[in-house]
1. Quick one: of the DSSP bridges fully inside segment 115-179, what percent are antiparallel, nearest 5?
2. Heavy atoms of the protein only, probe of 1.4 Å, neighbouring chains included. What is the accessible area of VAL169 in Å², nearest 10?
3. I need the phi-derived Karplus couplings for segment 126-132: 6.51 cos²θ - 1.76 cosθ + 1.60, θ = phi - 60°, integer Hz, Gly and Pro marked x.
4. For ILE163, which sequence-distant residues (separation of 5 or more, or a different chain) have an amide H within less than 5 Å of its own amide H, given hydrogens modelled in the peptide plane?
5. Order the peptides 150-159, 137-146 from the highest to the lowest mean number of other Cβ atoms within 10 Å of their residues.
6. Each residue of segment 91-104 in turn: what ³J(HN,Hα) in whole Hz from Karplus with 6.51, -1.76, 1.60 and θ = phi - 60°, glycine and Pro shown as x?
7. Give the lysines whose C-alpha is closer than 25 Å to that of LYS89, dropping any in the same chain fewer than 8 places away, or say none.
8. Report the relative contact order of segment 72-155, percent, no decimals, based on alpha-carbon pairs under 8 angstrom and at least 6 residues apart.
Amino acid sequence: MPEQFLKTLEEEGRLRTIPEEGDSQHVDLLSNDYMGLALRAGEFIDEFREMLTQAPEPLMFSSSASRLLSRLQYWPDTLENELAGYYHKSTLLFNSGYHANVGCLSAISNLDSTLILSDKLNHASAIDGLRLGAREVKRFPHNDISKLEKILERNADNYKRVIIVVEAVYSMDGDTAPL
């Protein structure tokens, strides 16, 4: 199923990949590194360290931009490779939990024949991600497992897959999901 989904994206011209490393002959106007300071950090690092003696190591000048717009970035790529080696799986870093929720949940909620069941007190970023994908999402009252079971009984047979979205620890109230 994922292979067909990727093939469809490619056929429609919507498959995105992270661009390879750029060269120093061109100016990158797609990233947040407008002045090229992150790319040329080595030229300024000593002067910067003198000015900011409390700066943490490793010293980084910019997060640059979305990696789908900008060139391959050394630190995120290095960390992803380290994690991939540790977990023996491909990895992908996100800039924040918000970006992870929006990116991942919009993608999985857009899969054919998938029902998403979401706790009503999930973080707004999870709700945003589900709305962006918005195939079939049903919400259940916060931590109400009996209501969740009833929704599953009525609907699960109509779908190839059901994904239940909860937070292990709810960020707004601090309570936990009965996992």
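1. 10
2. That residue has around 90 Å² of solvent-accessible surface.
3. With coefficients 6.51, -1.76 and 1.60, one gets 5, 5, 4, x, 5, 5, 5 Hz.
4. When sequence neighbours closer than 5 places are left aside, the close amide H contacts are LEU115, ILE116, LEU117.
5. My ranking of the peptides, most packed first, is 137-146, 150-159.
6. Once rounded to whole Hz, the list reads 10, 9, 8, 10, 5, 7, x, 4, 5, 5, 4, 5, x, 6.
7. LYS7, LYS160
8. 25
The values are calculated or read from the model by the stated rules, or taken from the named source; none is laboratory data. These numbers come from a predicted model, not from an experiment. Note that we place each Cβ from the backbone using ideal geometry, even for glycine, and neighbour counts take in every protein chain shown. What goes into the accessible areas is simple: the full protein's heavy atoms, side chains included, and nothing from ligands, DNA or RNA. Shrake-Rupley method; radii C 1.70, N 1.55, O 1.52, S 1.80 Å.
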